[in-house]
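Below: one structure, written as structure tokens.
We did not get these values from a lab; they are worked out from the coordinates using the rules stated. This is a predicted model, so every value here is computed, not measured. Note that we place each Cβ from the backbone using ideal geometry, even for glycine, and neighbour counts take in every protein chain shown.
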Amino acid sequence: MKIGIASDHAGFEMRLYLISYLKKEGYNVVDYGPSVLKKVDYPDYGAKVAFDLSTNKIDRAILICGTGIGMSIVANRFPRVRAALCYNPFLAEIARIHNDANALVLGGRIIANELACEIVRIFLETKFGGGRHLRRIKKIEKINPEKLKND
Ligand code: RB5
């Protein structure tokens, strides 16, 4: 499984921590940066990873900013990206089983690195539930705001 990971400055330290955990676990990690700790804009980094997830160049994404909110907003603009902001392992589990989330978003200023690691582990190890959840995801994919405007 190929995992893309990016952060802004507020998620920088957590990103490095998670990369070392993921590599130790044997995952194929693609680091999208930033490479040095300086103030950057989260859309610049989140969009690169979300684009590659959207176009199947990577299998999963992990995005980290201060709260996780900005990265979530960015990632969910991309087709086929289902980004879930998770601040505990239960949310990560449900995001996989119910939502088939393919991008995990974390708040570097909200949770500790150790908890982030556990959330990542659950997110990567939990399988999608399918069935009624698949039906609902297909409905999300069919939503066309332009069409709804004219209905
Ligand atoms: C950066 O200060 C902060 O706004 C960003 O990391 C994130 O929390 C945005 O949602």
Next on the checklist: Using only the alpha carbons of the chain, what is the convex hull's orientation-averaged projected area in square nanometres?
Outcome noted: 9.1
Checklist entry - If you put +1 on each Lys and Arg Cβ and -1 on each Asp and Glu Cβ, how big is the dipole of the range 2-73 around its Cα centre, in Debye rounded to 20? => result 140
Checklist entry - Quick one: net charge of Lys147's neighbours, Cβ under 14 Å, K/R +1, D/E -1? => result 0
Item to check | Extension gain from Glu125 to Ile97, taking 0.36 nm per residue of separation minus the Cα-Cα distance | outcome: 9.0 nm
Item to check | Charge sum, other residues only, whose C-beta stays under 13 Å from His98's C-beta, Lys/Arg counted +1 and Asp/Glu -1 | outcome: +4
Next on the checklist: Ignoring everything except DSSP H segments at least 4 long, calculate the 222 nm mean residue ellipticity for the chain; use -39,500 (n - 2.57) per segment, divide by total residues, nearest 500.
Outcome noted: -14000 deg cm²/dmol
Checklist entry - Span-like helices, the chain: DSSP H, alpha-carbon axial extent 15 Å or more, mean Kyte-Doolittle 0.5 or greater, which ones? => result 113-125
Checklist entry - Can you give the direction-averaged projected area of the convex hull of the alpha-carbon atoms in the range 1-55, in nm²? => result 3.6
Checklist entry - Residues with beta-carbon under 15 Å from that of Gly70, excluding Gly70: net charge, scoring Lys, Arg +1 and Asp, Glu -1? => result +2
Checklist entry - What FRET efficiency, computed as 1/(1 + (r/R0)^6) with R0 = 30 Å and r the Cβ-Cβ distance, is obtained for Lys139 and Leu115, rounded to the nearest 0.05? => result 0.40
Checklist entry - Taking a point 7 angstrom from the Cα of Leu148 along the C-beta vector, which residues in the range 36-77 have backbone N less than 16 Å away? => result 76-77
Checklist entry - When the C-alpha atoms of the range 66-110 are aligned to their principal axes, what extent does each axis show, in angstrom, from largest down? => result 26, 24, 8
